[in-house]
Each structure stands twice: as C-alpha cells, then as structure tokens.
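The values are calculated or read from the model by the stated rules, or taken from the named source; none is laboratory data. The structure displayed is predicted, hence computed values, not measured ones. In this analysis, Cβ positions are derived from the backbone assuming ideal geometry, glycine residues included, and neighbour counts consider all displayed protein chains.
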C-alpha cells in the first residue's frame, strides 16, 4: 500500500490528526514553559527541573498505565488523557492572564501532565497497529512520525510567536487543540478483541518488563535511545543558547525548537517512500552516531544559522532511530501486550527526554551550557559504539517486515 492510499484510510486519518494535535500542544508547552521559567528565575537548574517533575510521575505510574491500556478501551483512555491535558493548559492560560501564576504552580501543572502522558503515550502507541492495514506498520509509523513532525515544526514557532504577544496566549491555544484532539480520538473506528477482566496480578503489571528483557534486539534499541538522548539533551538548554549565546529572543528560540522537526520531516518523507529493508540494526547505530556528532557542532556554534543546521541534522538522524525502534517494538509484540510493552518503551523515552533535560540543566549549572552540551554529544557517540558490542542481536537485525 502506498503512503497516499494509507493516508486515505479513515481510522488512520483520525489517529494522525488526534496524535498531531496533541504533539503540537506539547511542543508549544516546551517553548512557553521553558521561556516562562527562565524569564522568572534566570536559572539553568530550574530549567532542568521541568524535566524532572514530569518524569517522576511517569516512573511511578508507567506499569499501571501499561496494564490499563491493555485492560480497557484504548481509545477512551486516550480521550481522557487529552481532556485532562486541555484542562491543565486552560489553568496555565488563566493564571498567566490574571498574573497570579507562580513557578511552583507551573511545576505542579507539569507534574500533572507527567501523570497524564504516562497513560496517553502507551495508549497512542498501542492503537497504531489497529488503525493501519496489515503489513503497513513500518510505513504507518513513518507517516505518523512525519505528520507529527509538522506539528513539531509549527508548535515551537507558534509557541515563540504567541508568547511574544502574551504568556497566556500559547496556553490558550493548547487548550483549544487538546480539546479538538478529544473529538478526533472519539471518531476513530477501532476493532479489538475484548481484554480479560480478571483481577490484575503483579506478574501482569510487570509482564512488559519481562518481555523486553527476553528480547535482546528490543532491549538494545530501547536502551540505546535512553542513553543517547539522556546524554545528548541539548534541547533543554535552548533558552540559554537563544538568549545568552546566540543573542536572540522568543522567536529565535521557537526557530531552534522547530529545527529538529524540520530535519525529521524531511527524513520521514524519504522513509515513507523508501522503507528501510536491509541492515536495519546498523542503520540504527549509524543514526545515533550522526545525532551525537551534530550535537557537538550545535554545542560549539555561536552562529544561529549553523545551530539551526546542526539541529536539522539531529532531527533527521533521530527520525531514523525512532522509526526503527517503534516498528521493531510493534511488530515483535503481541497485541494483548502492546500497552505494557509500550509503557516500558515510553518509560525509557521519557527518562531519556526528561531526565536528559534535568541532567543538562544540572551540568550546565555546574560547568556552563557549552561544555555540558559538548560532553553530551561525545557521550552519545561513545554509547552508540559501546552498544554495538553489547547488543550484537540488534546490530544483526536485517529487516523489520
């Protein structure tokens, strides 16, 4: 099935729009919250704390979330999550407009979003194989990633532009789009065999962990992403780079935040047309190494144009890794376990993104933004080389479908 035909598949259409609206809102939040926190505190450590307060609820709830996604209607779980996110955005908009919103209140709102995304991401991930025709999971993953990248391009730009108007404006936009995502999720037609309603046991809750542990290729790809992004979390330092190193403002920050998504969108267009059909494992390692090298270039750059180019390359390399990881996990996991395995995958992704944000903030506070970003890029390359030795099963993966 071609990408055009896949895009005409109605369940997949609603899935794409709902997922993209939610991704769009998250990207707006990344710019608005980061700039607002740095504006109020001027602290690199406080920027890192944004990631930590989002990660901790996920770490606590992720296994329960995965079990809930396998036990209950995944579409309804997704809708409830998006509704809660819309309400959090409305709270931030109201507080910013009225002038009473404080830094602790912003952190509380981010913690609530951490709780919600612990359920939303496994639900969204587990729904993908149910909304694409059989045999098109890799192509569907690439198309979904590409459409999501459009949201990731426009989200930071909208966040930066609207924050320049007023801090409340980006949050109000987020509330509207998250509520629209609720309606789109409800329109999806998804067929699924009813899950067992037997009382859950500890072995049920942690079945995803056992499955991943016993699948060397899946464990290798998930853990590689964890450590690579954990070390290469330069995105967390963008407010510092925008204001103090590149000497630009909220619009420049929005441009920097959007740049990886531009690269990702370009790469996704290639992957949607030309699937990765050979040496899949090696392509995974190569993409992570390119990501690390581009991070080093970004870290050392004092020119906006070079920083943008480096982040475009980072986004393109990361997309190759994402498509391989998601496709491998989906195709190797039985449907009745996709929620729990997806929760483990999300825990690793969330740890890499949000703990990476915390790690970058702490190291930047200790040694400065530029040395911290350089160290992260070097660490990413070293991890990829080490993982090639530790996980030969992943290195030898030849095909996905």
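Odds and ends about this structure:
Okay, residues lined up against (1) within 19 Å of residue 138 (Cα to Cα); (2) under 20 Å from the mean Cα position of the chain (by Cα); (3) without any contact (Cβ under 8 Å) to a residue 12 or more places away in the chain:
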residue: 275; (1), (2), (3): yes, no, no
residue: 294; (1), (2), (3): no, yes, no
residue: 319; (1), (2), (3): yes, yes, no
residue: 340; (1), (2), (3): no, yes, no
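- Test: residue in the range 339-358 that is surrounded by fewer than 19 Cβ atoms within 10 Å (Cβ to Cβ), part of a helix (DSSP H, G or I), touching a helix residue (DSSP H, G or I) at 6+ places or on another chain (Cβ under 6 Å) and at pLDDT 70 or above: no
- Within the span defined as the range 156-166, one or more residues are under 19 Å from the mean Cα position of the chain (by Cα) and modelled with pLDDT of 85 or more.
- Selected residue (only one of 56, 80 is modelled with pLDDT under 90, surrounded by fewer than 20 Cβ atoms within 10 Å (Cβ to Cβ) and part of a helix (DSSP H, G or I)): 56
- For the residues 68, 89, the requirement of being buried (at least 23 other Cβ atoms within 10 Å of the Cβ) and either touching a residue at least 60 places away in the same chain (Cβ under 8 Å) or not in a helix (DSSP H, G or I) (or both) singles out 89.
- Among the residues listed as 28, 50, the single one being crowded, with 21+ Cβ neighbours inside 10 Å and under 30 Å from residue 189 (Cα atoms): 28
- Output for the range 88-107, where each listed residue is under 30 Å from residue 344 (Cα atoms) and out of contact with any helix residue (DSSP H, G or I) (no Cβ under 8 Å at 6 or more places or on another chain): 104
- Scanning the range 369-401 for residues that are within 30 Å of residue 110 (Cα to Cα) and at pLDDT below 80 turns up just one, 369.
- From 94, 100, residue being more than 19 Å from the chain's Cα centre (by Cα), surrounded by fewer than 20 Cβ atoms within 10 Å (Cβ to Cβ) and not in a helix (DSSP H, G or I): 100
- Here residue 133 clears all of (1) surrounded by fewer than 21 Cβ atoms within 10 Å (Cβ to Cβ); (2) farther than 25 Å from residue 265 by Cβ except the condition numbered (2).
- Residues satisfying the stated conditions in the range 227-254, i.e. in a helix (DSSP H, G or I) and surrounded by fewer than 21 Cβ atoms within 10 Å (Cβ to Cβ): 243, 244, 245, 251, 252
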